[in-house]
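See below for the structure under consideration.
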Amino acid sequence: IIFETISADIQQNRTDIYTQRNYLKNNHHKNWKSLSLSDTVYLVKCQGCCGSKTEDQIPIIGDSTKDKGYDSTARQENTLQKETQFKPSPKKDASARSRKNTTECDINQARSHEVDVTLDVDTAHPKLKINGKSLQWIDESKQRHINIENCFDEEPFVLGNMGRAWKSYWEVNVKKDDWVLGVAKATTQKKGPLVFRPKCGFWVIRLSNGQRLKAMEDEEHVLKKGIPDKVGIYLDYQEKKVIFFNAVDGSLSYSFINGPSYQDDVLPLLSPWNNDAKPITILSITAT
């Protein structure tokens, strides 16, 4: 196979010419000779290797001919190899972005989005006592009589109410050994055992026995940081994040980066658990 170099433009497109040579080979034109060459068209003549003696005009791939409909399997494979070789792994990129995003918001920024949260008595477990913005576990003899259809019937939880906004922040005093805080979809199930996972509509952290603070992801993450007496919860629909702060020293406790969207319509979720009668209390930042 002979390629005749006619102009400097052809030298610059040598790679494309080799691609067209492969194209001709793949189409069984093994014996052919070049007739003429320009910066856009390579004219070749088949010598009868495949039973024909036709002339083919093969456009050179470049900016001037990209819309002429020519495509080459060899060129596609070459491009695919380059993309595979140099394209970063999406999973790694997502992880890198996630690590970066967890540090983009501090507690002072979050506090600027404070909202007023109240407790929805109708959703509270029958053994939870609500006094204003305080919540505590009571014994069976003092069980409240409520409409069981709307409340949590097995797990000691209650939902909160708040105005809807793209960004919301509130704080809860949790000076006790067991509690659960976070957000849940308004439509989440309230009956039977609850599965605390984002895929089930829950973004929560949990303290057990005053020692193990865990983020309830698809796999539980034990948090090595100190146990907070006051927790700040920051819901960011725009970034799809739910961030938990130690509201005493302002440090970050945990950030869910797979948080809910605005369409999910989530609400505060609280539980003092069922080990003692110590309350947890929603705080007002502006009043302190």
**Request:** Tell me which residues, restricted to the stretch 174-189, are more than 19 Å from C200 (Cβ to Cβ) and crowded, with 17+ Cβ neighbours inside 10 Å.
**Result:** V174, K176, D178, W179
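Every residue, every condition in (1) buried (at least 17 other Cβ atoms within 10 Å of the Cβ); (2) more than 24 Å from C151 (Cβ to Cβ), yes or no:
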| position | (1), (2) |
| --- | --- |
| R197 | no, no |
| W203 | yes, no |
| Y234 | yes, yes |
| Y237 | yes, yes |
| S251 | no, yes |
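Rundown of residues vs (1) aromatic (F, W, Y); (2) closer than 24 Å to F245 by Cβ, yes/no style:
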position: L128; (1), (2): no, no
position: W137; (1), (2): yes, no
position: K176; (1), (2): no, yes
position: K190; (1), (2): no, no
position: L213; (1), (2): no, yes
**Asked** Which fully enclosed strands (runs of 3 or more DSSP E) of the stretch 204-288 have 1 or more residues being under 24 Å from the mean Cα position of the chain (by Cα) and without any contact (Cβ under 8 Å) to a residue 60 or more places away in the chain?
**Response** 212-215, 241-246, 252-256
**Request:** Could you tell me whether the stretch 158-165 includes any residue that is under 22 Å from K240 (Cα atoms), polar (S, T, N, Q) and at pLDDT below 95?
**Result:** no
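The values are calculated or read from the model by the stated rules, or taken from the named source; none is laboratory data. Because the structure is predicted, anything quoted here is derived from the model rather than measured. Every residue, glycine among them, receives a Cβ derived from its backbone with ideal geometry; neighbour counts consider all protein chains shown.
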